1. Can you confirm whether B:Val219 is assigned to a loop (DSSP other than H, G, I, E, B), assigned by TED's automatic domain parsing to the domain that holds B:His140 and farther than 22 Å from A:Ile277 by Cα?
2. Just checking, which of A:Ser85, A:Ser60, A:Ser154, A:Ser161 is in a loop (DSSP other than H, G, I, E, B) and crowded, with 22+ Cβ neighbours inside 10 Å?
3. On the given criteria, is B:Gly90 closer than 30 Å to A:Leu269 by Cα and either free of Cβ contacts under 8 Å to residues at least 40 places away in the same chain or among the aromatic types (Phe, Trp, Tyr) (or both)?
4. Which condition breaks for B:Ala213 when tested against (1) closer than 30 Å to A:Arg52 by Cβ; (2) within 14 Å of another protein chain (Cβ to nearest Cβ)?
5. Can you find a residue that is part of a helix (DSSP H, G or I), in contact (Cβ under 8 Å) with a residue 24 or more places away in the chain and crowded, with 22+ Cβ neighbours inside 10 Å anywhere in region B:266-284?
6. Might you check whether a residue that is closer than 20 Å to A:Ala155 by Cα, modelled with pLDDT of 95 or more, touching a Gly at 6+ places or on another chain (Cβ under 8 Å) and part of a loop (DSSP other than H, G, I, E, B) occurs anywhere in region A:227-244?
7. Say we look at region A:292-333 and pick out the residues that are out of contact with any Asp or Glu (no Cβ under 9 Å at 6 or more places or on another chain), at pLDDT below 95 and part of a helix (DSSP H, G or I); which of these is farthest from A:Gly157 (Cα to Cα)?
8. Just checking, does region A:318-325 include any residue being within 14 Å of chain B (Cβ to nearest Cβ) and either of a type in the set (S, T, N, Q) or within 23 Å of A:Ser97 (Cβ to Cβ) (or both)?
2 protein chains.
Amino acid sequence: MPVVAREIHLKSRPSGLASRHLFSQVQTTLPALASGQVLVRNLFMSVDPYMRGRMNEGESYIAPFEVGAVMDGAAVGLVVESADSQYFVGDAVSHFSGWRDRALLDAANLTPINIERVSIQAYLGALGLPGHAAFYGLLHIAKPKAGETVFVSSAAGAVGSLVAQIAKLKGCRVIGSVGSEAKARWLRDELGVDVVINYNDEPDLEVALRRAAPEGIDVYFDNVGGAHLEAAIAVANKFARFPLCGMVGQYNSPAVGPSNIYTVIAKSLLLQGFIGINHLDTWADFTQNMSSWITEGLISTRETIVDGLDSAPEALMGLFSGDNVGKMLVRLG
Amino acid sequence: MPVVAREIHLKSRPSGLASRHLFSQVQTTLPALASGQVLVRNLFMSVDPYMRGRMNEGESYIAPFEVGAVMDGAAVGLVVESADSQYFVGDAVSHFSGWRDRALLDAANLTPINIERVSIQAYLGALGLPGHAAFYGLLHIAKPKAGETVFVSSAAGAVGSLVAQIAKLKGCRVIGSVGSEAKARWLRDELGVDVVINYNDEPDLEVALRRAAPEGIDVYFDNVGGAHLEAAIAVANKFARFPLCGMVGQYNSPAVGPSNIYTVIAKSLLLQGFIGINHLDTWADFTQNMSSWITEGLISTRETIVDGLDSAPEALMGLFSGDNVGKMLVRLG
């Protein structure tokens, strides 16, 4: 019997803020499995800030979504039919064919995942690209030393909440910036973050950061750009390191550079943009460390789960209005 | 007989553009030499862009000049009187008590220099802090590989002209930006720079840079900031390295950050601000290499010399209107 997949397509590109009408749901009848192929029922798909950039025209570090075609992104699911000798019905897998409830994939595009000790959706968060970005950016670019002060923005987000916790594990003083009191409580009460700044309560972010870090910051892990980056440059100590991971505040609107860019010279700052997928040589080390931290209870995670493929566009847009605590996920089927 | 030194003092701080009336000339009678002291007649003093920042209030990487006191900076001269066993009359020395024609110094603050094979004023340029900044920023931060494309701004300046030549020695394709046709000719005809952009002839620097570097740039050595930095980010290849050495375009006016700062992430760019004096561990290696390059004729230098201590303020201000080809120097006495 032919299998029908429900898919989200990009109907047209946004100008300014993205909205629901740019997406459409399409039913596609999948062909029969060829040899070496696997049919996966997706259980969770990821929405991530970088996807907003892919809705625009023009190459960035990853090709834009095509108008009129199904979107994609990280997803996890179970094998429901296999024509490949390596995969069996019931196997848990991760892959990059999200934004649909069923995916027909070549076995080479699947990664088997172990869900005995962690949830399947952990592979979209702490054990997936967000976790790797936190691990790589903090430990391979910023290289914080015990006793140093680490500032992280979007500190209750998928990446930021892991940066904050890894920094604590390394003996750092951690300052996190968030946009709501609920997020602030999570960081303070459960993750042990030393000072939390709710930027919505602060008329002047630089003043707030200076108060939180009277001796300056040594690391700024940037997830938002804009005023946060500018304040971090202003409060940085000499030789501070800034892994630049995302600029979520700037994806929907024209970007503004930090007006204090000269200070990058005066303080000998390092600003290093990075994309985790360019550094997959660190993946095995990351997986090993992060798995241990999670199973030993040293890292805790939260998820904001939205139900149903239909809700995926709103889930994506919600990332930019701060709807999520921890990893934003869409549960499918 | 008491020795009288003529000195330039900072009379008041600038608001906006610096001008002549902010400086005054003062005659000071020097005390007799104490044991361990040396009297130096300065032959040349350096004016450098960073000095403009020191005229403002507020700590940067170096303390501001004091109002009502003598300014300072790199200078070279000859010992005319010595109460120290290491120095003899006629010895050539470099030190940091410029902006005066005679300097009374503790021997510990002098560095003996060898002027058998190079001019004394080379120690303010290619063999001084400008040379070291070029050497350190290019070879220790950017680490260009043969065949890569290096873009340098202020390419006819004290630092930039050395960056361009060292990059050529390393087998790179070099693009230099300058503000006059005379400077462009020097780079093209004598220094072997591959493409010279005269930014005063270009309505759109990014377009000009794209034309000069159809395959993108791998290194941008920034001396000016502003539109140059923005264009370099736009035309950079993935993993390009940007040593940030100066932002001479921004010292006299409010700074503007690069509006395409997000591209730093998308292209995984490295922006590293630096101040040469923080990396004096590389000084011996620099001196050895640069001396060889100069004496072997592999590096050539030019100087713009202004005569007389009285002219030093104009020489400093001239750095910001592009008056100098190569190193700007003031000849004293």
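1. So B:Val219 fails the test.
2. Details: A:Ser85 fails: crowded, with 22+ Cβ neighbours inside 10 Å; A:Ser60 fails: crowded, with 22+ Cβ neighbours inside 10 Å; A:Ser161 fails: in a loop (DSSP other than H, G, I, E, B).
Being in a loop (DSSP other than H, G, I, E, B) and crowded, with 22+ Cβ neighbours inside 10 Å holds for just one of A:Ser85, A:Ser60, A:Ser154, A:Ser161, which is A:Ser154.
3. no
4. The single condition B:Ala213 does not satisfy is (2).
5. no
6. First, pick out the residues of region A:227-244 that are closer than 20 Å to A:Ala155 by Cα: A:227-236, A:240-244.
When the remaining residues are screened for being modelled with pLDDT of 95 or more, the result is A:228-236, A:240-244.
So of that shortlist, the ones also touching a Gly at 6+ places or on another chain (Cβ under 8 Å) come out as A:228, A:230, A:235-236, A:240, A:243-244.
Subsequent filtering for residues that are part of a loop (DSSP other than H, G, I, E, B) retains none.
Among the residues of region A:227-244, not one is closer than 20 Å to A:Ala155 by Cα, modelled with pLDDT of 95 or more, touching a Gly at 6+ places or on another chain (Cβ under 8 Å) and part of a loop (DSSP other than H, G, I, E, B), which makes the answer no.
7. A:Thr295
8. no
The values are calculated or read from the model by the stated rules, or taken from the named source; none is laboratory data. All values derive from a computational prediction rather than experimental measurement. As a convention, Cβ positions derive from the backbone with ideal geometry for all residues, glycine included, and neighbour counts pool all protein chains shown.
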